[in-house]
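The values are calculated or read from the model by the stated rules, or taken from the named source; none is laboratory data. All figures in this text were calculated on a predicted structure; none of them were measured in a lab. Neighbour counts run over all protein chains shown; Cβ positions are idealised from the backbone, glycine included. With ligands, DNA and RNA removed, areas are computed over all heavy atoms of the protein, side chains included. Shrake-Rupley method; radii C 1.70, N 1.55, O 1.52, S 1.80 Å.
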Amino acid sequence: MKIPLAIALLLAAVGQARSVSPVVPDALSYPPPNGVQMGGRLGQEIDLSVRNRVEAQDLEAIIQPFRDRKDVSEWRSEFWGKWITSAIEAYRMRPDPALRSLIERAERELIATQSSDGYIGAYAPENRLQTWDVWGRKYTLLGLLAWYDVSGDPACLQAARREADRLLKEAGPGHGDMFRHDAWNGMASSSVLEPMVLLYQRTGDRRYLRFCEWLIAEWRTPHGPDIERKALAGVPVFDMFPKPKPIAKAYWDGGHSKAYEMMSCFEGLLELYRMTGQPEYRDAVEAIYDNIRSGEITVIGSGSDWERWTNGANRQTEVWHEGMETCVTVTWIKLAAQLLRLTGNPRYADDIEFSSYNALLGAMAPDGSWWCHYVTLDGRKVRGEDQCGLKLNCCVANGPRALLLLPELAVMAGAEGPVINLYGQMNAALPLATGGSVRLAMNSTYPADGTVRIRLTPDSAREFTLGLRIPAWSAQTTLTVNGARTVALAGTYARIHRVWQPGDTVDLSLDVRVRKVFPPRHADLYVEESGPIVLATDDRLTAGDRAPFWIVKNGRCDYADAGNTWDARSRFTLWQARRSP
């Protein structure tokens, strides 16, 4: 039978793909699909988000912009990629035939919009490379590659290659730059670094690697953002670009240190480190992470005002204009997840947990259908607005991406055995590097309570090391294996090496007593925390209504539930004043 020319060309192109192994392996890897099932509060929130946000998405609304190609400065082309990467994470968590069908339809219909020159995007030909065009292509590439990784569908890889090849003809070595038309010092366009590295890894095509190396070199030119060298030099992110100006009755009127886009570039830089082993790339990412953590991240685990870095850690008790964009929260969690995978350092898991329980869950509607664009530390939470003429918002599309990442981070695979990063009601099943497999059943109401019981069931007696994250905030921790006490130090992984038998149990007790935390430079104000939970007042709680809240301690409720009516009925605050002696 004669193969149609189009199919022959597709098979030939995909046949050229030869994946390349990373030069630097990760310390921890994600569990296999369906490997972790979460219950408890996190599981409930994930299920709500999948049902009422991810599965409820109108596909036509997010695909039509690719057919129309009328955009001049909009960011409509990001929504498909954000949505489908969430949907794919949901499918990996729980492979569901209906969800698979939805994803396959979305991939197929998007690929059908690809032009003969390879372009998939929402911008008119005369407006390509303007403002958010390359940013949107970044999300398209991520969505195509994510489904290729899960399904092996060659059409997705081929479409991604054609999209990337189109970009190589417009920008890159021997062509024009991507920065002069970008709204944010080149950082939005530069974030295409991440999928271009991933495409190189999956195909072995060195043209994509050369593009990535060219892009880093362009950062260092006078017209580039120069964020890698600034990070290595210890320049605070707030000082990397022209400063915003204070204005009356608002925190800031602008500035150019765009938070979300900057961190997206460093996600790509870490992927490039994996593939090249260039130590300065890793050093820059670790430096920028520490820079942001110390100077920008607030007591709820996020940062930014009006989407820019604002020296927020030191100014967080002031009035916020549009504080802590959910897209910033999501990307902060994703950047921490990248570093956790690479290094196996539990401090990144501490940060992920803290941001997830507070800034992330605190931005989600109680039914999971919508998200706040911004959240604050006192006052009111507000529903995110519709954007770009769509019934959608950048943060509404982005929030589920971080939430659905949590099952993949909860229990990960290390070289010596499973590593538990998050606690709560859950079940996990992982292969062991030394052979065989193990199932873990975790029973706990954490973080409402600090006690956790884990029952291990290896397929037979197996020798391996179980790692358990001991949070840095847990001042008093007890850990036993089959009733025998073992060492557990705050801020480390407790590593238990033994021959595990089916039915062995591990009991962990973490210190969730309420503690006071004072923000930098503000000794007169503090917040209360219990485990990873920030506590707040809320008008409903003051009136005696405990029903809406998940955790109530010391007359205060968890930040995630504070203010979640999104109106004046639930005004809240985190801050308490220190009493005079």
- Query: Looking at A171, A188, which is the one that is touching a strand residue (DSSP E or B) at 6+ places or on another chain (Cβ under 8 Å), closer than 24 Å to I111 by Cα, among the small types (G, A, S) and touching a residue at least 12 places away in the same chain (Cβ under 8 Å)?
  - Reply: A188
- Message: Looking only at segment 472-489, how many residues end up being surrounded by fewer than 18 Cβ atoms within 10 Å (Cβ to Cβ) and under 16 Å from R347 (Cβ atoms)?
- Response: 2
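How many of the residues making up segment 63-82 are open to solvent by less than 10 Å² (accessible area, probe 1.4 Å) and either under 16 Å from G368 (Cβ atoms) or within 21 Å of the chain's Cα centre (by Cα) (or both)? Don't jump to the end; show me each part of the working.
The first filter runs over segment 63-82 and keeps only residues open to solvent by less than 10 Å² (accessible area, probe 1.4 Å), leaving 63, 65-66, 71, 77-82.
Remaining after also requiring either under 16 Å from G368 (Cβ atoms) or within 21 Å of the chain's Cα centre (by Cα) (or both): 77-82.
Residues that pass the stated criteria total 6.
Each row is one residue, and each column tells you yes or no for (1) in contact (Cβ under 8 Å) with a residue 12 or more places away in the chain; (2) within 30 Å of V419 (Cα to Cα); (3) under 21 Å from the mean Cα position of the chain (by Cα); (4) open to solvent by 10 Å² or more (accessible area, probe 1.4 Å).
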position: P32; (1), (2), (3), (4): yes, yes, yes, yes
position: T85; (1), (2), (3), (4): yes, yes, yes, yes
position: G121; (1), (2), (3), (4): yes, no, no, no
position: T131; (1), (2), (3), (4): yes, no, no, yes
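Which of the residues spanning segment 366-380 are assigned to a loop (DSSP other than H, G, I, E, B), touching a residue at least 60 places away in the same chain (Cβ under 8 Å) and open to solvent by 10 Å² or more (accessible area, probe 1.4 Å)?
Matches in segment 366-380: P366, D367, S369, W370, R380.
Which residue is nearest to W500 (Cα to Cα), if the candidates are limited to segment 439-471 and must be open to solvent by 70 Å² or more (accessible area, probe 1.4 Å) and either small (G, A, S) or part of a strand (DSSP E or B) (or both)? First the steps, then the outcome.
Filtering segment 439-471 down to residues open to solvent by 70 Å² or more (accessible area, probe 1.4 Å) leaves 439, 443, 445, 451, 453, 455, 459, 463.
Filter again for either small (G, A, S) or part of a strand (DSSP E or B) (or both), leaving 439, 443, 451, 453, 455, 463.
Values: R439: 11, N443: 19, T451: 21, R453: 16, R455: 11, E463: 6 Å.
Checked segment 439-471; the qualifying residue nearest to W500 (Cα to Cα) is E463.
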- Task: Scan segment 390-412 and give yes if some residue there is of a type in the set (V, I, T), open to solvent by less than 40 Å² (accessible area, probe 1.4 Å) and closer than 30 Å to G323 by Cβ, otherwise no.
- Result: yes
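Does R540 count as at pLDDT 95 or above, more than 28 Å from the chain's Cα centre (by Cα) and either closer than 17 Å to R380 by Cβ or open to solvent by 50 Å² or more (accessible area, probe 1.4 Å) (or both)?
Values: at pLDDT 95 or above: yes; more than 28 Å from the chain's Cα centre (by Cα): yes; either closer than 17 Å to R380 by Cβ or open to solvent by 50 Å² or more (accessible area, probe 1.4 Å) (or both): yes.
Yes; evaluated as a whole, the condition is true for this residue.
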- Message: Please go through segment 543-564 and give me each residue that is within 25 Å of the chain's Cα centre (by Cα) and open to solvent by 30 Å² or more (accessible area, probe 1.4 Å), ordered by number.
- Response: W550
- Considering only segment 266-344, give the helices (runs of 4 or more DSSP H) lying wholly within it that have at least 1 residues that are touching a residue at least 24 places away in the same chain (Cβ under 8 Å), open to solvent by less than 10 Å² (accessible area, probe 1.4 Å) and among the hydroxyl-bearing types (S, T, Y). 279-295, 326-343
